[in-house]
Amino acid sequence: MNIRCSFCQTPYTLSRVAMLDALQEVDSKKLNHYDAHCPRCRRATQIPRQRLEMAMPNWREELKQFEKEMKAHPQSEAPLPTAEATPVAEAAPTPEPTPEKKGATKAKASVAESKPKTAARQTTPSAETKKSTQRKTTTKGTSKKTK
């Protein structure tokens with residue numbers, strides 16, 4: 001059955017198995033419509049019960065045939081992947097901590113070690129102190145001219 005998503009207008013189809021599942025669900029729960037989920041936006045498009053039954057009028061007989069086919073040709077589930085078979089991305093090595101300077105306190109060092117910085121924001125300890133002293137010395141609204 002061909003369906004067009006009512007939200008993103010993507011056309012998609014319901015297979016024979018999906019149609020049988022939909023008709024079984026609608027019949028067992030006494031629903032007026034079936035919610036078919038779009039593969040692109042994952043939103044539900046309502047399909048009326050009458051349209052489902054028009055697409056597959058003898059669905060009870062087809063369900064019995066499908067069950068016979070499955071008994072004659074059973075399909076096993078796909079095996080779960082093992083940890084050895086799946087490639088694991090190697091974790092980036094953490095940078096070694098730099099030796100502490102004379103003026104640094106141990107409390108600051110433990111906080112810095114507990115919160116690793118991202119690669120884009122890593123700076124050297126000397127650059128940190130230069131930035132902080134530069135902020136303290138500059139006043140608001142003025143800028144330094146560089147030579």
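Computed from the coordinates by the stated procedures, all read-outs in this text should not be read as laboratory data. Nothing here was measured: the structure is a model prediction, and the numbers come from that model. Cβ: placed from backbone, ideal geometry, glycine included. Neighbour counts: every protein chain shown.
In table form, for the structure just shown:
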{"item": "Flag if Cys8 is in contact with a strand residue (DSSP E or B) (Cβ under 9 Å, 6 or more places away or on another chain) and in contact (Cβ under 8 Å) with a residue 24 or more places away in the chain", "result": "no"}
{"item": "Residue in region 21-36 that is surrounded by 13 or more Cβ atoms within 10 Å (Cβ to Cβ), in contact (Cβ under 8 Å) with a residue 24 or more places away in the chain and within 26 Å of the chain's Cα centre (by Cα) present", "result": "yes"}
{"item": "Near pairs, Cβ below 7 angstrom, 6+ apart or cross-chain, from region 50-75 (of a type in the set (Lys, Arg)) to any residue that is loosely packed, with under 14 Cβ neighbours inside 10 Å and in a helix (DSSP H, G or I)", "result": "none"}
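Rundown of residues vs (1) within 20 Å of Leu63 (Cα to Cα); (2) in a helix (DSSP H, G or I), yes/no style:
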| residue | (1), (2) |
| --- | --- |
| Cys8 | no, no |
| Val17 | yes, yes |
| Leu20 | yes, yes |
| Leu23 | yes, yes |
| Tyr34 | yes, no |
| Cys41 | no, no |
| Gln46 | no, no |
| Glu53 | yes, yes |
